[in-house]
Amino acid sequence: MIPAVKSKQFNRVFYLYNQYYLLRRRFRSFTLTGTLDPQLDGKTGLSIAPNQSVLYFMNHSSWWDGLLLYHAAIRTSAGDHYVMMEEQQLQQYAFFRKLGAYSINKESVTAIRKTMQYTTGLLQSGKRVWIFPQGEILHQDARPIRFRPGIGLLLRRSPQTLAVPVTLCHGMVQHDLPEISMVAGTPIMEDWSVWKSEEIAVRLGLVLEQQLDNHKSELVRNGQGSLPGAISLIRNGRSTSEKYDAARKRGIR
């Protein structure tokens, strides 16, 4: 199991590289609806402490998802974020360790156990952890969404943890570069210790599937690559298609 070794200096440099070179070259826009710093409203009768542990569970449909969530967390959250990453990928891109990534090797029971223990330690110390409970990269339209029971085990071990569903939709609508829409859904707080791991996995899989379906439907209804009122995290200049249209209009005049 490969642990994270965060570096503030590396993080400052990589954040700029990720924003201005990697993401801007690949995407037309990246927006966030909702908040990654959840606050349960008065209707719930619950309040969130500053050091509240949070487990973000997200669909995984692109190699870019890790860099996108990293950017969103840096831009909008005050928490200390970590990401569970496939060990083979982390070995290949070891610099992610300096940003908070640590490994899981699904081929080894011993390695999985160590990763679960490491993640539990992070949550019990009030950290924010991101996981992809589907366990692999799947198309965003793949249904049903099924989670592996590891998410249930983590929440049972850290029953005070807040679970936040996060959905990402990738699409090309009116421009030649993809537009990314992220939605942070309603936080879920339960006494996870009274649930079985499999029950938690099924329940949260259904939650994420419903949120992703609603997310996509709203994008279709809106006819854009983002939702009304979303926060802009990346916004490029004019796309190739927009420049072409502008040139055509000048030519017509």
Note to self: If residue 6 satisfies all but one of (1) farther than 30 Å from residue 108 by Cβ; (2) modelled with pLDDT of 95 or more; (3) of a type outside the set (Ser, Thr, Tyr), what's the number of the condition it fails?
What the structure shows: (1)
Margin query: Whether any residue in the range 61-78 is open to solvent by 30 Å² or more (accessible area, probe 1.4 Å) and of a type in the set (Phe, Trp, Tyr) is what I want to check.
Written below: yes
Notebook entry, point to check: Mind checking which residues of the range 116-140 are in contact with a helix residue (DSSP H, G or I) (Cβ under 9 Å, 6 or more places away or on another chain), among the hydroxyl-bearing types (Ser, Thr, Tyr) and within 28 Å of residue 17 (Cβ to Cβ)?
Noted result: 119
Margin query: Among (1) in contact with a helix residue (DSSP H, G or I) (Cβ under 6 Å, 6 or more places away or on another chain); (2) open to solvent by 60 Å² or more (accessible area, probe 1.4 Å), there is one condition residue 228 misses while meeting the rest; what is its number?
Written below: (1)
Item checked: Exclusive hit being within 20 Å of residue 208 (Cα to Cα), touching a residue at least 12 places away in the same chain (Cβ under 8 Å) and not in a helix (DSSP H, G or I), set 61, 103 -> 61
Check: Quick check: is even one residue across the range 82-100 outside any strand (DSSP E or B) and on the phi > 0 side of the Ramachandran plot?
Finding: yes
Note to self: Among the residues in the range 214-227, are any in contact with an Asp or Glu (Cβ under 6 Å, 6 or more places away or on another chain), at pLDDT 95 or above and outside any strand (DSSP E or B)?
What the structure shows: yes
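The values are calculated or read from the model by the stated rules, or taken from the named source; none is laboratory data. Because the structure is predicted, anything quoted here is derived from the model rather than measured. Cβ sites come from the backbone with ideal geometry, for glycine too, and all protein chains shown count toward neighbours. SASA here: full protein model, heavy atoms, side chains in, ligands and nucleic acids out. Shrake-Rupley method; radii C 1.70, N 1.55, O 1.52, S 1.80 Å.
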